[in-house]
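Trainee: Got a structure for you, written out below as structure tokens; questions coming shortly.
The values are calculated or read from the model by the stated rules, or taken from the named source; none is laboratory data. Quantities reported herein were computed from a predicted structural model and do not represent experimental measurements. Every residue, glycine among them, receives a Cβ derived from its backbone with ideal geometry; neighbour counts consider all protein chains shown. Heads up: the accessible areas ignore ligands, DNA and RNA and are worked out on the full protein's heavy atoms, side chains in. Shrake-Rupley method; radii C 1.70, N 1.55, O 1.52, S 1.80 Å.
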Protein chains: 2
Amino acid sequence: MDSQIRLKTSTLADTVFDQIRTAIVKGELAPGSKVNEPQLSKQYGISRGPLREAIRRLEGCKLVEITPNVGAKVVSLNLEQAIEIYEIRESLEGLACRLAASRASADDCLKLRELLANHEKQIESENGRLYYQKEGDLDFHYLIVQLSGNTRLFNFLCGELYHLLRLYRVQTSSGPSRPEQAFKEHHQIVDALENQDEELAEILMKRHISGAKNTLINQLNQ
Amino acid sequence: MDSQIRLKTSTLADTVFDQIRTAIVKGELAPGSKVNEPQLSKQYGISRGPLREAIRRLEGCKLVEITPNVGAKVVSLNLEQAIEIYEIRESLEGLACRLAASRASADDCLKLRELLANHEKQIESENGRLYYQKEGDLDFHYLIVQLSGNTRLFNFLCGELYHLLRLYRVQTSSGPSRPEQAFKEHHQIVDALENQDEELAEILMKRHISGAKNTLINQLNQ
DNA sequence: AACAATAGTATTGTTGACAATATGAATAAA
DNA sequence: TTTATTCATATTGTCAACAATACTATTGTT
């Protein structure tokens, strides 16, 4: 009866954690900038106690770095670090895609197709190109990781790594590469999922992400 | 000049975080048990402020789960969750081993051989069998992940996942499987590293970890 | 002018007190 | 006996004040 009331119960530290996290990944809190406790506590209308707990959670997500007696600053990713993240992502999403191939139902695959169709429409529309790069691409990957059935994998990828990637994209204001190519690859991946071809699904996904990684590496070599 | 003094500077929250973490992975704080703030703050002689920050860091490591207005409890892993972790570990250590194969120097490989030789001696000694299983095995993997050169990968595996595995082993008091087999596989892996054979190194490492994973899966099917 | 020392300010670290919520026991009703 | 209800207690959430440290600007010296 009061379950609905219980649901909206949440602590100040948690809500302000969400707020600051979105502020960071949106770039409203600039990468490398200092996290000023008195200022933020005023801004969000809370005391420093719960704010510091929120900052510690952000530290756990690797979104801020804390130096004792100095404070926290918003993390700033350089190219090498971004490549490191892509290496991890390639490996883990390959795993996720393999697991998804063994577990996804026909209905799940249909949902993926619908998702891609929606994105196609968005692309055809005016500023769709931007939309697709910013959010749509992640939606696809998000859903596949969910289909893997590995909850911990989902939490790590969707609760931590993706936020870091969004941060990097905002930081470098990179909305790049190869939307039509990526699109084709997405469909190939769903094909493999439909056929329950685990090996192929993993290979295609790894190759898909490796493409984005190589774009970064080329940037590194100028 | 005062750099040595600076080194010992650390916050209460950080030191007590270390203490509680080791208490958890050693099993001194039982899995599933409640984390009582007044009790712990008394036990460690600090106030609840920094203690709560430490708990939030533990939440970030997935070692405790926090429910608003109820509190934190030490995480308790069931078999399914342990398998999820092993799936992730297999994927990531495969990656680490591949990277290590491309980067490890001859000197690095020598260090690995020495490590294995030391473990052999330990095994031959009385209670060595136990030692090897508990720490020695992780040392080997630890070093390879370090050789991968991917700092983020290192932090995730060695700063989070390994602690969870130790927790599970303590929880199920499992000091199991196939030390002599594992030993042989370790040497094969170093062979591949010496030959800079990235593919083989990755495959061997994944197979090595998959063995432990399958042991768990068999437990699941009884 | 450049560098070192120092004083003042701002920020972080820590604490104890208070408010809000949950837990558990005792009582009352079915 | 079992189920609700109420009350007392314990624990968590939040706050504001104090202590300790780091940062900044000024001064003084070479």
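Trainee: Residues being within 9 Å of chain A (Cβ to nearest Cβ) and assigned to a strand (DSSP E or B): count how many of those fall in the stretch B:64-77.
Mentor: Summing the residues that are within 9 Å of chain A (Cβ to nearest Cβ) and assigned to a strand (DSSP E or B) in the stretch B:64-77 gives 1.
Trainee: Residue pairs, Cβ under 7 Å, 6 or more apart or interchain, first in the stretch A:25-44 and in a loop (DSSP other than H, G, I, E, B) and at pLDDT 95 or above, second within 13 Å of DNA strand C (Cβ to nearest atom) and basic (Lys, Arg). List them.
Mentor: A:32/A:73; A:33/A:73
Trainee: Between a first residue in the stretch A:170-184 that is open to solvent by 70 Å² or more (accessible area, probe 1.4 Å) and a second residue that is at pLDDT below 85, which pairs have beta carbons less than 6 Å apart while being 6 or more apart in sequence or on different chains?
Mentor: Note: no pairs meet the criteria.
Trainee: Among the numbered criteria (1) open to solvent by 10 Å² or more (accessible area, probe 1.4 Å); (2) modelled with pLDDT of 95 or more; (3) part of a helix (DSSP H, G or I), which single criterion is violated by residue A:88?
Mentor: Every condition holds for residue A:88 apart from (1).
Trainee: Among the numbered conditions (1) surrounded by 17 or more Cβ atoms within 10 Å (Cβ to Cβ); (2) more than 21 Å from the chain's Cα centre (by Cα); (3) more than 30 Å from residue A:55 (Cα to Cα), tell me where residue B:41 comes up short.
Mentor: Result: residue B:41 fails condition (3) only.
Trainee: Something else now. Assess whether residue A:80 counts as being within 12 Å of chain B (Cβ to nearest Cβ), in a helix (DSSP H, G or I) and crowded, with 17+ Cβ neighbours inside 10 Å.
Mentor: Answer is no for this residue.
Trainee: Still on this model: Restricting attention to the stretch B:10-63, which residues are within 13 Å of DNA strand D (Cβ to nearest atom), away from chain A (no Cβ under 14 Å) and not aliphatic (A, V, I, L, M)?
Mentor: Answer for the stretch B:10-63, where residues must be within 13 Å of DNA strand D (Cβ to nearest atom), away from chain A (no Cβ under 14 Å) and not aliphatic (A, V, I, L, M): B:33, B:34, B:36, B:38, B:39, B:41, B:42, B:43.
Trainee: So, in the stretch B:64-80, how many residues would count as being under 24 Å from the mean Cα position of the chain (by Cα) and near DNA strand D (Cβ under 8 Å from one of its atoms)?
Mentor: So the answer is 2.
Trainee: Could you look through the stretch B:103-137, keep only residues that are modelled with pLDDT of 70 or more and farther than 17 Å from residue B:187 by Cβ, and pick out the one that is most open to solvent (accessible area, probe 1.4 Å)?
Mentor: B:103
Trainee: Which residues, taken from the stretch B:61-86, are away from DNA strand C (no atom under 16 Å from the Cβ) and not polar (S, T, N, Q)?
Mentor: Those that are away from DNA strand C (no atom under 16 Å from the Cβ) and not polar (S, T, N, Q): B:61, B:62, B:63, B:75, B:77, B:79, B:80, B:82, B:83, B:84, B:85, B:86.
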